[in-house]
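These notes are about the structure you will find just below.
The values are calculated or read from the model by the stated rules, or taken from the named source; none is laboratory data. Worth saying up front: this structure is predicted, and the values here are computed from it rather than measured. FYI the Cβ positions are ideal-geometry reconstructions off the backbone, even for glycines, and counts take in every protein chain you see. What goes into the accessible areas is simple: the full protein's heavy atoms, side chains included, and nothing from ligands, DNA or RNA. Shrake-Rupley method; radii C 1.70, N 1.55, O 1.52, S 1.80 Å.
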Amino acid sequence: MQDGVVSVAVVDADRARAAIIEEGLRAAGIPRVAIVPDSPDLLDRLVALAPDVVVIALDSPSRDVLEQMFKVSRVVERPVAVFVDRSDTATMQAAIDAGVSAYVVDGLKPERVRAIVDMAVMRFNAYSRMRRELDEAKTALADRRTIDKAKGLLMTRKGLSEADAYALLRRTAMNEKKRLVEIAQAIITAAELF
């Protein structure tokens, strides 16, 4: 996505600081940069803009600002890079917990902006990939448990071996053109009714 970043929303109440970020982004070849003032309708404006990356610049983030960053990263689902003038360890941790992909303290220079945005995108993509893999693993584990439970029911009620119970589930799934877990869930549901 680094080469695919074509739009960045810059959230900053300080117009001079926003200009530094805008200058660095445009010099790095990012054609669309929108300066968005920090306002009550910030989330709505960011959703409407649908930028590839959100850059937030602050003096020192407060609890309210951290809560807003959390909302931005969850609602917009885009990489968020934050530039702050000063910070502490607890604030940095809170920003990372809020879903910020890059957190830079006292490092706002036009020539560094693109590299930081690219790093934020890479970190966001890596985190998204890990979250997706975790969700897939959880689903696979839940499916496996459902299939094992259905096999157990078939073994008990029909007197089948484990291999035969699994074969019956597979055959039924193929005949019905359904996923194995769907057949297993139907067997569990039917058993609970009787």
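Some notes on this structure:
- Of the solvent-accessible surface of the range 133-193, computed with a 1.4 Å probe over protein heavy atoms with every protein chain present, carbon and sulfur atoms account for 54 percent.
- In this rough spin-label picture, where each label sits 7 Å from Cα along the Cβ direction, the N125-A16 distance is 3.6 nm.
- For the residues V181, V75, V100, a GNM of the chain with alpha-carbon springs under 10 Å puts the largest fluctuation on V181.
- For the pair A163 and F194, label points projected 7 Å from Cα toward Cβ lie 2.7 nm apart.
- On a per residue basis, the range 133-193 carries 71 Å² of accessible surface, using protein heavy atoms and a 1.4 Å probe.
- The calculated FRET efficiency for D88 paired with K109, based on their beta-carbon distance and R0 = 22 Å, is about 0.50.
- Cα-centred dipole magnitude for the range 2-132, charges only on beta-carbon of K, R (+1) and D, E (-1), debye, nearest 20: 460 debye
- In a simple Cβ point-charge model (Lys, Arg +1; Asp, Glu -1; nothing else charged), the range 133-193 has a dipole of about 260 debye relative to its Cα centre.
- Along each principal axis, taking the top coordinate minus the bottom one, the Cα set of the chain gives 77, 33, 27 Å in descending order.
- Cα convex hull, the range 133-193: 82 Å³ per residue, rounded to a whole number.
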